[in-house]
Amino acid sequence: MWRRGIITAALAVILALLLSFHSDVPNRIGNLGSLLETFLPWLGLAVPVLLVVALVRRSATALIALLLPVLVWFNLFGGLLTDNEKSGGNLTVLTHNVNADNPDPTGTAKDVIAAGADLVALEELAAGQVSTYRAALAGAYPYHSVQGTVGLWSKYPIQGVHAVDIRLGWTRAMRAAVSTPQGQIAVYVAHMPSVRVKFNAGFTAGQRDSAADALGQSIAQESLTKVVLLGDLNGTMNDRSLASVTSQMRSTQGAAGNGFGFSWPADFPMARIDQIMVRGIEPMSSWTLKKTGSDHLPVAARLQM
């Protein structure tokens, strides 16, 4: 009983080590560390597979070893399995990558309006669809600004709008000051470059990482104390390459969500790459909305100013 299942036990230990020391997996070869961190919660699926093998082998050694990855996984993600929602909140925000190839932008805009958010950020706005979104959202949001392929719609006055340079050569990020009844806040809307997994190059995220560093620098220099970041960062909170942003802001999903809040791909969400983050503001609730015509789910949060 004790000698059987040594290989299964070794795999369980390796799994526990990957979960515990994921930040030490190097990025030098194909950004392997960032790829691992993007889908880190899914490593937990290996546990039931190894459990079945251990039971078939009747291996006490493997069963005991399996306790290690289980404990580590719950230490990392157990808090997300509980409902962290709090009552209250006086500002609701929403972000949605609407997909440049969205076949129904008008329907997507109606779904966004139905969410009842005070601030709406849209990413991946195709040039030919901007006028459609403007017309559809005008009745609910009297104030708006579109910078390049990102835009912000608001129920409250907007000022101090400018594009944020994230080193791409074209505009995919913006900043605006929104005058809410509870005071002024800085709102950043961003769409980081896409990442790809290529056989000969690994996890190609170099352009995304450089853009994230530039965005982090802009947020660090923000003069307003209350800051909200809305956007598609093409990365999760676990991804070390987004640390220039994530190290100075709180995820609303992590602080006040219920579950992982995966947002992409919309048909079978596997990762939360659409983010709402705050600084100087208390998250009260965070959730995903139903599927629209996009390949991303909209995500929303209720905040306490």
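The values are calculated or read from the model by the stated rules, or taken from the named source; none is laboratory data. Remember, it's a predicted structure, so these values are computed and weren't measured experimentally. Positions of Cβ are backbone-derived with ideal geometry, glycine not excepted, and every protein chain shown enters the neighbour counts. Protein only, heavy atoms only, side chains kept; ligands, DNA and RNA dropped before computing areas. Shrake-Rupley method; radii C 1.70, N 1.55, O 1.52, S 1.80 Å.
Annotation: amide H-H contacts under 5 Å for E85 (H modelled 1.01 Å from N, sequence separation of 5 or more, or interchain): none. Model label points for L224 and F268, set 7 angstrom from Cα along the Cα-to-Cβ axis, are 4.1 nm apart.
Protein heavy-atom accessible surface, 1.4 Å probe, per residue over the stretch 22-161: 47 Å². Averaging Cα coordinates gives a centre for the stretch 9-34 and one for the stretch 67-117; these two points are 27 Å apart.
Taking the Cβ of E282 as the center, what net charge do the other residues with Cβ under 15 Å away carry, scoring Lys and Arg +1 and Asp and Glu -1? Walk me through the numbers on the way to the answer.
On the way: positive: K86, K226, R250, R279, R302; negative: E85.
For residues surrounding E282, the net value is +4.
For the set K86/K226; K226/K290; K110/K291; K226/K291; K86/K110, the pairs lying more than 23 angstrom apart at their alpha carbons are K226/K290; K226/K291; K86/K110. Just the Cα atoms of the stretch 1-79, one point each, no solvent: what log10 I(q)/I(0) does Debye give at q = 0.12, 0.20, 0.24 Å⁻¹? After summing over all Cα pairs, the log10 values are -0.36, -0.82, -1.02.
Of all DSSP bridge pairs formed entirely within the chain, close to 80 percent run antiparallel.
Against the main long axis of the alpha-carbon atoms of the chain, helix 60-77 sits at an angle near 10°. In the chain, a dipole from Cβ-located charges (positive for Lys and Arg, negative for Asp and Glu) runs towards its positive end, and of M174, L94, A256 it is A256 whose Cα lies farthest in that direction.
What's the angle, to the nearest 10 degrees (0 to 90), between helix 6-20's Cα axis and the longest principal axis of the chain? Helix 6-20 sits at roughly 30 degrees to that axis.
Mind jotting down a quarter of the surface of the convex hull over the alpha carbons of the stretch 56-213, in square nanometres, one decimal? It would help to have the intermediate numbers written out before the result.
Values: hull surface 61.3 nm².
The Cα convex hull of the stretch 56-213, projected and averaged over all directions, gives 15.3 nm².
Counting 0.36 nm for each residue step from R134 to Q217 and taking away their Cα separation leaves a gain of 26.9 nm.
The charge dipole of the stretch 113-227, taken about the Cα centre with unit charges on the Cβ atoms of Lys, Arg (+1) and Asp, Glu (-1), comes to about 140 debye, rounded to the nearest 20. Each 5 Å bin from zero holds the following percent of Cα-Cα pairs in the stretch 1-46: 5, 20, 24, 20, 14, 8, 5, 3, 0. Annotation: amide H-H contacts under 5 Å for M284 (H modelled 1.01 Å from N, sequence separation of 5 or more, or interchain): R302, L303, Q304.
With 0.36 nm allotted per residue and the present C-alpha distance subtracted, the I6-S244 stretch has 81.5 nm of extension available.
Rounded, prolate or oblate: which one fits the stretch 125-207, using the alpha carbon gyration tensor with axes a ≥ b ≥ c (rounded when a/c is under 1.5, else prolate when a/b beats b/c, else oblate)? Note, shape of the stretch 125-207 comes out prolate.
Within the accessible surface of the chain, defined with a 1.4 Å probe on protein heavy atoms only, the carbon and sulfur portion equals 59 percent.
Every Cα-Cα pair in the stretch 35-108 was counted, and those over 22 Å apart are 56% of them.
Just to be sure I follow: if Rg is taken over the C-alpha atoms of the stretch 213-294 and Rh is the Kirkwood radius over the same atoms, what is Rg/Rh? Provide the component values of the computation, followed by the final result.
Numbers: Rg = 13.0 Å, Rh = 13.4 Å.
Rg divided by Rh gives 0.97.
The magnitude of the dipole of the stretch 7-164, with charges of +1 and -1 set on the Cβ of Lys/Arg and Asp/Glu and taken from the Cα centre, is near 360 debye. Close amide H contacts of N97 (hydrogens built in the peptide plane, cut-off under 5 Å, sequence separation of 5 or more or a different chain): E123.
Here the label points at N75 and F21, each 7 Å from Cα along the C-beta direction, are separated by 1.3 nm in the simple model.
For the chain, evaluate the Debye formula with one uniform point scatterer on each Cα (no solvent term) and list log10 I(q)/I(0) at q = 0.12 Å⁻¹, rounded to two decimals. Each listed q maps to, in turn, -0.79.
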